[in-house]
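The values are calculated or read from the model by the stated rules, or taken from the named source; none is laboratory data. Everything numeric in this text was worked out from a predicted model, so none of it was measured. Neighbour counts run over all protein chains shown; Cβ positions are idealised from the backbone, glycine included. With ligands, DNA and RNA removed, areas are computed over all heavy atoms of the protein, side chains included. Shrake-Rupley method; radii C 1.70, N 1.55, O 1.52, S 1.80 Å.
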Amino acid sequence: EPNGTAATSNPLTCGLEGSLTPAADADFYGLGATSTGQRVFASIDGVAGNSSDFDLRVTTATDTLEYDDADNDAPLGPFSPNVSGTPLTAATAFLRVTHVNPSTQAEPYRLYAVVQPSSASAAVEAEPNGTTAQASSAVGNYFSGALSGASPSTDLDVFQTPAMTGDLLFVALDADPTRANTPLNARLELLDGSGNVLLSVNDGNASSNTSSGAGSLSATAPRSPGESIVYRVTTSGTYFVRVSAGSSSTTTAAGDYLLSIAKNCQIGGGGGAAGSGADGPGLYIPGSGAFFLRNSNSN
């Protein structure tokens, strides 16, 4: 503090912890040098807070690019938000954290984020990939796909990534990647190497709002549905991410999506690449798409 304006924003580190105090506090975090078409995936873990009902926005210094409230599920606090796949413009971008009730002081929240390339850089899923044995993989750990067929789709899409003990997996699903008001209600699951479900999220939001947020840093639009998972790896090995139709809708449970799998808030590291190590969370450095780990030793 003070970081209540874009001009006083903090740099964003991986797994950052913050608080909203006093009442009506707002916290800004800069995304650094970004370019048009890049995609922001960010999520708030509010489960440990006295209230998990935080709001999250991607903004410029003057405009809201995307808003979210209560798009997460129980593991991260059922009223906590995620913004998944927000397209950036040429303007400097920020994450803005507030509480849904301006008279409430709330803490702590933990913020995770990664900036991915444009959706054109995402690897296209290859069917069949409905089982762990058929799981899709790509070095970029960034995928475009679709749950095919009539709603609710019976399609299952499975993706794999290597991870090492201590890695922080941040998995996020953009459920309206074209921002064309064609939302997908999806379930997102993290599986261990044997196919056992470690975490499952299935938030009920199945709507988009394509209204403009230009001219306001507190707009409640545009808005798109998303899902997110944060998991600290306890055993090195292969992990799987499964995307399927959500259980709370029968009319929007089919369609396209964009999936980001990040380790220690870094892009890449999928396919046959080795895990990124167990030396703790990393510092993400937005800009050209390169991300780095910064290690320190207090001894």
Worksheet item: In segment 40-63, what residues are of a type in the set (Ser, Thr, Tyr) and surrounded by fewer than 24 Cβ atoms within 10 Å (Cβ to Cβ)?
Response: 51, 52, 60, 62
Discussion item. Which of the numbered conditions does residue 67 fail, given that it passes all the others? Conditions: (1) surrounded by fewer than 24 Cβ atoms within 10 Å (Cβ to Cβ); (2) touching a Pro at 6+ places or on another chain (Cβ under 8 Å).
Written reply: (1)
Worksheet, complete the sentence: Within segment 77-115, the count of residues that are open to solvent by less than 10 Å² (accessible area, probe 1.4 Å) and over 26 Å from residue 215 (Cα atoms) comes to 3
Practice prompt. Kindly indicate whether residue 198 is open to solvent by 40 Å² or more (accessible area, probe 1.4 Å), out of contact with any Pro (no Cβ under 7 Å at 6 or more places or on another chain), part of a strand (DSSP E or B) and hydrophobic (A, V, I, L, M, F, W, C).
Written response: yes
Worksheet entry | Residue in segment 203-225 that is surrounded by 20 or more Cβ atoms within 10 Å (Cβ to Cβ), in contact with a Leu (Cβ under 9 Å, 6 or more places away or on another chain), closer than 21 Å to residue 163 by Cα and in contact (Cβ under 8 Å) with a residue 12 or more places away in the chain present | no
Discussion item. So, residue 74, is that one within 15 Å of residue 116 (Cα to Cα) and out of contact with any helix residue (DSSP H, G or I) (no Cβ under 6 Å at 6 or more places or on another chain) or not?
Written reply: no
Practice prompt. Name every residue in segment 66-92 that is under 16 Å from residue 179 (Cβ atoms) and more than 15 Å from the chain's Cα centre (by Cα), in order of residue number.
Written response: 89
Practice prompt. Restricting attention to strands (runs of 3 or more DSSP E) lying wholly within segment 202-270, give those where 3 or more residues are more than 23 Å from residue 122 (Cα to Cα).
Written response: none
Worksheet, complete the sentence: (1) touching a residue at least 24 places away in the same chain (Cβ under 8 Å); (2) of a type outside the set (Val, Ile, Thr); (3) surrounded by fewer than 16 Cβ atoms within 10 Å (Cβ to Cβ) all hold for residue 129 apart from (3)
Worksheet entry | Matching entry among 241, 230 (being open to solvent by 10 Å² or more (accessible area, probe 1.4 Å) and touching a Phe, Trp or Tyr at 6+ places or on another chain (Cβ under 7 Å)) | 230
Worksheet item: Residues in segment 267-288: is at least one modelled with pLDDT of 95 or more, exposed (fewer than 15 other Cβ atoms within 10 Å of the Cβ) and more than 15 Å from the chain's Cα centre (by Cα)?
Response: no
Worksheet item: Only one of these conditions is not met by residue 192: (1) out of contact with any helix residue (DSSP H, G or I) (no Cβ under 9 Å at 6 or more places or on another chain); (2) surrounded by 21 or more Cβ atoms within 10 Å (Cβ to Cβ). Which number is it?
Response: (2)
